[in-house]
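Undergrad: Dumping the structure here so I can ask a few things about it.
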Amino acid sequence: MASDFAFTHKHYVPIIKTKAGERWALSHLTTRSQLTPLLELHAHKRKGVATHAGDICKDLASAWGTDGPVFLDTIWLNGSTGNPRVIADVFAAARNHGLQAIPVVRVSYDAPTLAQIRAVIDEDDREVMLRLTQSDLASTSAIRRTLDALKAAHHDVHLLVVYQCSPMNLASDVPRVPNLHDWRTFTAASGAFPRSLITLPQGIWHSLPRTDWTSWEPAVAAGQLARRPTFGDYTIRDPGAPADFGDPIVNVRYTSDTHWTVRVGGKHRAGASIQMKQICQDLIARPEYSGQQYSAGDAELHSTAQPRTPPGGPTQWLQWCVSHHLVFVVDQIQQHPSL
């Protein structure tokens, strides 16, 4: 395969939904060389897959650019067994818009889907990512069968082990990874942010633990693992399917060293958006706030705290906090004294 793309344990693989908020955060990112996003394409209720994929890949190419690769996961479009038509449509759209898309595959994908992914690999001359759950590590025959169907050697495959909502257990699981040193890259990821904030009391700040980071960092920094995995997370989202419409509440999800500083308000549709003004005013006075120059999202949070600016809406609140999170985690990894 032609690509020389690779990275070490000091890289970062955020697992990102493809909604407008995340695309804005990617478009305003200045530390792109230090991370490679895994993009989970969201479904669309009214558009067909080909049309939707074309629109999203166009937007992603504009937001991320066409110079660097991305991992592209179609799970929310094709389900756990896959769908060759979906794979063909999505990667044709990515190709048409110049997006350097590396397909993500699961051991649960059926033979026709794997054959279609193999065709994508051949046409684009890129690698593939194998996405495993913690329990998949014991399924060595399924892993082997998947690689055989793809006609892929280990050195052409980016390995991702995902813990979903659970903390990582690297000390126990890294030794279980088959052919540990042969994979092109090796990433471990989990998602600690809760699915909903609706039960949190309003008007006060909450500290939610980043157990994704605090279960990865000590294990990797200790230097005792046979191979140190790259860090992956779901930014300030949970690992489930992207939320579709609903009635979101006013909220800020601000990433700090070991926790998220979170505050919630009333419902957006009930007219509570104005509460974001006070929340931002309180946030920028807190010690966790990184300053308006830190990221594009931080600049918007600071601006929103000013008297004459609008409070924004759910898409903006999320994009500001995703923007801060991406920059913060890159800094956290790159500046760590023991990594």
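Undergrad: With Cβ to Cβ distances under 12 Å as the rule, what net charge do the other residues near R210 carry (K, R +1; D, E -1)?
TA: Values: positive: R253; negative: D212, E217, D233, D257.
Summing Lys/Arg as +1 and Asp/Glu as -1 gives -3.
Undergrad: Next up: R32 to A153: extension gain in nm, 0.36 nm per residue of separation minus the Cα-Cα distance?
TA: Length gained between R32 and A153: 40.8 nm.
Undergrad: Can I ask one more? Can you tell me the dipole magnitude for the chain around its Cα centre, using point charges on the Cβ only (Lys, Arg +1; Asp, Glu -1), in Debye to the nearest 20?
TA: On the way: 32 positive and 31 negative charges, 138 e Å.
That gives the chain a dipole magnitude of about 660 debye.
Undergrad: Sticking with this structure for a sec: Which residue, chosen from G68, G48, H97, occupies the Cα position most advanced towards the positive end of the dipole of the stretch 1-128, where the dipole is computed from +1 (Lys, Arg) and -1 (Asp, Glu) charges on Cβ about the Cα centre?
TA: G48
Undergrad: Another question, if that's okay. If you build a Gaussian network model of the chain, linking Cα atoms that sit under 10 Å apart, which residue out of I117, I279, I204 swings the most?
TA: Per the Cα network of the chain with a 10 Å cutoff, I204 tops the list.
Undergrad: Next question. Net charge around S338, counting only other residues with Cβ within less than 12 Å of its Cβ (Lys, Arg = +1; Asp, Glu = -1)? Please list the in-between numbers first.
TA: Numbers: positive: K10, R228; negative: E217.
Local net charge: +1.
Undergrad: By count of other Cβ within 10 Å, fewest leading, how are M168, M129 ordered?
TA: Values: M168 27, M129 22.
So the ranking, lowest neighbour count to highest, is M129, M168.
Undergrad: Could you run the Karplus curve 6.51 cos²θ - 1.76 cosθ + 1.60 with θ = phi - 60° over the stretch 23-37 and give me ³J(HN,Hα) per residue in whole Hz, x for Gly and Pro?
TA: 5, 4, 4, 5, 5, 9, 7, 10, 10, 5, 5, 9, 8, 10, x
Undergrad: Efficiency by 1/(1 + (r/R0)^6): what FRET value for Q334 and T309, r their Cβ-Cβ distance, R0 = 22 Å, to the nearest 0.05? It would help to have the intermediate numbers written out before the result.
TA: On the way: r = 32 Å, r/R0 = 1.45.
Calculated value: 0.10.
Undergrad: For A222 and S166 in one chain, what is 0.36 nm times their gap in residues minus the Cα-Cα distance, to one decimal in nm?
TA: Values: separation 56, 0.36 × 56 = 20.16 nm, distance 2.07 nm.
The span from A222 to S166 would gain 18.1 nm if fully extended.
Undergrad: Any idea what the dipole of the stretch 204-304 comes to, in debye rounded to 20, about its Cα centre with Lys/Arg Cβ at +1 and Asp/Glu Cβ at -1? Don't jump to the answer; show the numbers that get you there.
TA: Working: 10 positive and 11 negative charges, 16 e Å.
Computed charge dipole of the stretch 204-304: roughly 80 debye.
Undergrad: Something else about it: Report, in listed order, any pair from K47/K277; K10/K47; K47/K151; K17/K267; K45/K267 with a Cα-Cα distance greater than 30 Å. If you can, show how the numbers build up before the last one.
TA: On the way: K47/K277 36 Å; K10/K47 39 Å; K47/K151 33 Å; K17/K267 23 Å; K45/K267 24 Å.
Pairs exceeding 30 Å: K47/K277; K10/K47; K47/K151.
Undergrad: If the elastic network links every pair of Cα atoms under 10 Å, which of A115, A43, A189 fluctuates the most in the Gaussian network model of the chain?
TA: Fluctuation is largest for A115.
Undergrad: Still on this structure, please answer the following. Going by how many other beta carbons lie within 10 Å of each one, how would you line up T8, T185, fewest first?
TA: Working: T8 10, T185 20.
Taking fewest neighbouring Cβ atoms as first place, the list is T8, T185.
Undergrad: With charges set only on the Cβ (+1 for Lys and Arg, -1 for Asp and Glu), what does the dipole of the stretch 1-141 come to about its Cα centre, in debye to the nearest 20? Working shown, then result.
TA: Details: 15 positive and 15 negative charges, 105 e Å.
Dipole about the Cα centre, nearest 20: 500 debye.
Undergrad: Now, a different point. Rounded, prolate or oblate: which fits the chain, taking a ≥ b ≥ c as square roots of the Cα gyration tensor eigenvalues, rounded meaning a/c under 1.5, else prolate when a/b beats b/c?
TA: Numbers: a/c = 1.93, a/b = 1.43, b/c = 1.35.
Cα axes put the chain in the prolate bin.
Undergrad: Using +1 at the C-beta of Lys and Arg and -1 at the C-beta of Asp and Glu, which of N179, V250, A25 has the Cα lying farthest in the positive direction of the dipole of the chain?
TA: About the Cα centre, the residue reaching furthest to the positive side is V250.
Undergrad: What are the semi-axes of the equivalent ellipsoid for the stretch 43-114, taken as the square roots of 5 times the Cα gyration tensor eigenvalues, largest first, in whole Å? Each step should come with its number before you reach the end.
TA: Values: eigenvalues 82, 42, 17 Å².
That gives 20, 15, 9 Å for the three semi-axes.
Undergrad: Rounded to the nearest 0.05, what FRET efficiency do S196 and K58 give with R0 = 25 Å and r taken as the Cβ-Cβ distance? Could you check?
TA: Values: r = 31 Å, r/R0 = 1.26.
The pair S196/K58 has a calculated efficiency of 0.20.
Undergrad: Between beta-carbons, use under 12 Å as the cut-off and find the net charge around I15, counting Lys and Arg +1, Asp and Glu -1.
TA: So the surrounding residues net to -3.
Undergrad: With the chain treated as a Gaussian network of Cα nodes joined by springs under 10 Å, which of D125, D298, D238 yields the largest mean-square fluctuation?
TA: D125
Undergrad: Averaging over every viewing direction, what projected area does the convex hull of the Cα atoms of the stretch 1-94 cover, in nm²? List each step's numbers first, then the result.
TA: Working: hull surface 27.3 nm².
Mean shadow area of the hull around the Cα atoms is 6.8 nm².
Undergrad: Further, regarding this structure: Alpha carbon centre of the stretch 170-248 versus the stretch 30-79: separation in Å?
TA: 21 Å
Undergrad: Next question, about the same structure. Starting from the 7 Å offset along Cα-to-Cβ, what nm value, one decimal, do you get for the label separation of H206 and N179?
TA: The two pseudo-label positions are separated by 4.4 nm.
Undergrad: Mean separation of Cα pairs under 8 Å and 6+ residues apart, divided by the residue count of the chain: what relative contact order is that in percent?
TA: On the way: 643 pairs, mean separation 61.4, N = 339.
So the answer I get is 18 percent.
Computed from the coordinates by the stated procedures, all read-outs in this text should not be read as laboratory data. Note that the coordinates shown come from a computational prediction; the quantities given were computed from them, not determined experimentally. Counting neighbours? That spans all protein chains shown, and the Cβs are built from the backbone with ideal geometry, glycine included.
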